[in-house]
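What follows is a set of notes on a single structure, which appears directly below.
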Amino acid sequence: MLLSEHKDLKLEIKSLPEKEKDKLLLRLIAKDKILTEHLHFLLMEGEQDLVDRQEQLSARIDEEIEELMSNRRRNAKEALLKMRKLNGSITHHFKVTKDLNSEIELRIHLFKGIPIDFNEGVFSTLHKFNEKLMIYFAKSVFSVYNKYLKMHEETQFDLKPSFNEVLAKLYQHKTAPVAEELGLPKEI
């Protein structure tokens, strides 16, 4: 049942006593972990907490990539799994903070660090993961590029050198055909 379909219910909820509404609101918030974290961030944390969260996640990205790079048997499958996991953490960060700037900075940091150049043979069982990594990487960059275009000009200017590094990386590897197909520029 959607609340928007029931105008009478909406009016009745608004007419509830304040104490009853508060109890219902708290029960609803408790059922949604992301909403609870977002409200905690919004109501109880400040600007420095956002910086701390971003630095912690950036350090975690570095640790995860270093772990991947130190693995002797690193391959496209491991890189793809690591990238998806870290992308999920960045998405969680954005859902909690609603800060687009830190989200874009973290994603660019991830793109710059994650390896995408693996030479699995055509007959290797890992060949399909190499293709999946190439497509996932290019589509992720494309998604961030679209968000980048919507940012304020000053913020775009600050991020331009880093984003150009990512685009150069994209066009230096086997991801170039996918990037061209998506219409990503070679440079901003």
Check your understanding: Using Cα atoms only, what is the angle between the long axis of helix 153-172 and the major principal axis of the chain, expressed in degrees (0 to 90) to the nearest 10?
Key -> 40
Practice item. Using the Karplus curve 6.51 cos²θ - 1.76 cosθ + 1.60 with θ = phi - 60°, work out ³J(HN,Hα) for each residue of the stretch 18-35 in order, rounded to whole Hz, and write x for Gly and Pro. Key: 4, 5, 5, 4, 4, 4, 5, 4, 5, 5, 5, 5, 4, 7, 10, 4, 5, 4
Practice item. Between I13 and L25, with labels modelled 7 Å along Cα→Cβ, what's the label distance in nm to one decimal, could you check? Key: 1.2
Review point. Just how large is the dipole of the stretch 37-157 about the Cα centre, in debye to the nearest 20, putting +1 at every Lys and Arg Cβ and -1 at every Asp and Glu Cβ?
Key: 840
Exercise for review: Starting at the first residue of the stretch 87-93, write each ³J(HN,Hα) from the Karplus equation 6.51 cos²θ - 1.76 cosθ + 1.60 with θ = phi - 60°, in whole Hz, x for Gly and Pro.
Suggested key: 4, x, 5, 5, 4, 4, 4
Check your understanding: Over the stretch 6-157, what percent of the accessible surface lies on carbon and sulfur atoms, probe 1.4 Å?
Key -> 55
Revision key, fill the gap. For E153, E105, the accessible-area ranking with a 1.4 Å probe, largest leading, is E153, E105
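For the stretch 106-188, with only Lys/Arg (+1) and Asp/Glu (-1) charged at the beta-carbon, what is the dipole magnitude about the Cα centre, in debye rounded to 20?
220
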Practice item. Using 0.36 nm per residue of separation minus the Cα-Cα distance, give me the extension gain between L39 and N164 in nm, one decimal. Key: 41.5 nm
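Take the alpha-carbon positions of the stretch 22-127, form their convex hull, and give its projected area averaged over all directions (one quarter of the hull surface) in nm².
Across all orientations, the stretch 22-127 yields a mean hull projection of 8.6 nm².
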Revision key, fill the gap. Projected onto their principal axes, the Cα atoms of the stretch 1-67 stretch, largest extent first, over whole-Å spans of 56, 25, 16
Exercise for review: Roll a 1.4 Å probe over the protein chains and send me the accessible area per residue for the chain in Å².
Suggested key: 65
Check your understanding: Using a ≥ b ≥ c from the Cα gyration tensor of the stretch 107-188 (square roots of the eigenvalues), is it rounded, prolate or oblate, where a/c under 1.5 gives rounded and otherwise the larger of a/b and b/c decides, a/b for prolate?
Key -> prolate
Check your understanding: With a sphere of radius 13 Å drawn around the Cβ of F163, what net charge do the other residues whose Cβ falls strictly inside it have (Lys, Arg +1; Asp, Glu -1)?
Key -> +2
Check your understanding: Taking Rh as the Kirkwood radius, which is the inverse of the mean 1/r over Cα pairs, what is the Rg/Rh value for the chain?
Key -> 1.10
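The values are calculated or read from the model by the stated rules, or taken from the named source; none is laboratory data. None of these values were measured; they are calculated from a predicted model. Counting neighbours? That spans all protein chains shown, and the Cβs are built from the backbone with ideal geometry, glycine included. Please note that ligands, DNA and RNA were not included when accessible areas were found on the heavy atoms of the full protein model with its side chains. Shrake-Rupley method; radii C 1.70, N 1.55, O 1.52, S 1.80 Å.
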